[in-house]
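Student: First the structure, which I've put down as structure tokens, then a few questions once you've had a look.
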Amino acid sequence: MDMTSDELDRRVAVLKRFRELLVGQRDRFREYLTVLDKQNEMIRSGDAEALVSHVELEEKIVAEIFAIQKVVDPMEGLYRAAFPDKESEVPRLKEALAELKAEAVSRSERNRSLLAEKMEGIRTEVRGLRNNPFAKRRSVYADEGAATLVDVKG
């Protein structure tokens with residue numbers, strides 16, 4: 001089966017684009033893992049403002065990963081149609097992506113669990129503050145029982 005130059009160029013373009021998408025997605029997963037590690041540090045340190053910024057960054061990266069995945073799926077179909085009998089580096093990239101994805105899920109779950117523990121600790125601390133008998137007592141210097149009317153006729 002002889003291919004025309006145009007057909008060969010099209011197949012090469014499909015392969016290159018598919019590879020670029022997979023590499024881009026791999027890079028996003030690596031960035032996501034870095035953010036998850038930083039997020040873990042923020043949870044442990046209790047830095048709420050930094051944690052919020054890392055959560056926002058995490059949401060952005062996850063959105064990018066899903067956007068790339070929407071393009072990868074149809075591109076994979078084109079790749080399989082263009083190269084039905086060839087093996088290339090694409091399966092290795094897909095395996096690496098699967099490993100990164102599993103690692104990201106694992107680290108994200110670890111962070112959720114740690115955050116839940118921290119939140120429970122804060123809830124316990126707040127309950128302890130509410131049950132403090134000294135917190136309910138008014139100060140002896142409070143402005144209670146002060147005269148509001150004065151008899152000037154005397």
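Student: Based on what the data block shows, is residue 17 open to solvent by 50 Å² or more (accessible area, probe 1.4 Å), in contact with a helix residue (DSSP H, G or I) (Cβ under 7 Å, 6 or more places away or on another chain), more than 20 Å from residue 74 (Cα to Cα) and touching a residue at least 40 places away in the same chain (Cβ under 8 Å)?
Tutor: Numbers: open to solvent by 50 Å² or more (accessible area, probe 1.4 Å): yes; in contact with a helix residue (DSSP H, G or I) (Cβ under 7 Å, 6 or more places away or on another chain): yes; more than 20 Å from residue 74 (Cα to Cα): no; touching a residue at least 40 places away in the same chain (Cβ under 8 Å): yes.
Answer is no for this residue.
Student: For residue 78, all conditions in the list (1) surrounded by 12 or more Cβ atoms within 10 Å (Cβ to Cβ); (2) at pLDDT below 75; (3) in a helix (DSSP H, G or I) hold save one; what is the number of the exception?
Tutor: (2)
Student: Does residue 88 satisfy being polar (S, T, N, Q), loosely packed, with under 14 Cβ neighbours inside 10 Å and modelled with pLDDT under 80?
Tutor: yes
Student: While we're on this one: In the stretch 1-14, how many are among the charged types (D, E, K, R) and either crowded, with 16+ Cβ neighbours inside 10 Å or within 25 Å of the chain's Cα centre (by Cα) (or both)?
Tutor: Going through the stretch 1-14 one residue at a time, the tally reaches 1.
Student: Output the residues belonging to the stretch 17-62 that are of a type in the set (S, T, N, Q) and within 13 Å of the chain's Cα centre (by Cα).
Tutor: Answer for the stretch 17-62, where residues must be of a type in the set (S, T, N, Q) and within 13 Å of the chain's Cα centre (by Cα): 34, 39, 40, 53.
Student: Right, next: So which residues in the stretch 35-50 are open to solvent by less than 80 Å² (accessible area, probe 1.4 Å) and closer than 16 Å to residue 62 by Cβ?
Tutor: So in the stretch 35-50, the residues open to solvent by less than 80 Å² (accessible area, probe 1.4 Å) come out as 35-37, 39-40, 42-43, 46-48, 50.
Of everything in the stretch 35-50, those that are open to solvent by less than 80 Å² (accessible area, probe 1.4 Å) and closer than 16 Å to residue 62 by Cβ turn out to be 35, 36, 37, 39.
Student: Further question: Among the residues of the stretch 81-131, write down those that are of a type in the set (Asp, Glu) and assigned to a helix (DSSP H, G or I).
Tutor: Initially, the stretch 81-131 is screened for residues of a type in the set (Asp, Glu), giving 85, 87, 89, 95, 99, 103, 109, 117, 120, 125.
Within the stretch 81-131, 95, 99, 103, 109, 117, 120, 125 meet the criteria.
The values are calculated or read from the model by the stated rules, or taken from the named source; none is laboratory data. Bear in mind the structure is a predicted one, so any value in this text is a computation, not a measurement. Note that each Cβ is placed from the backbone with ideal geometry, even for glycine, and that neighbours are counted across all protein chains shown. Heavy atoms of the whole protein, side chains included, go into the accessibility calculation; ligands, DNA and RNA do not. Shrake-Rupley method; radii C 1.70, N 1.55, O 1.52, S 1.80 Å.
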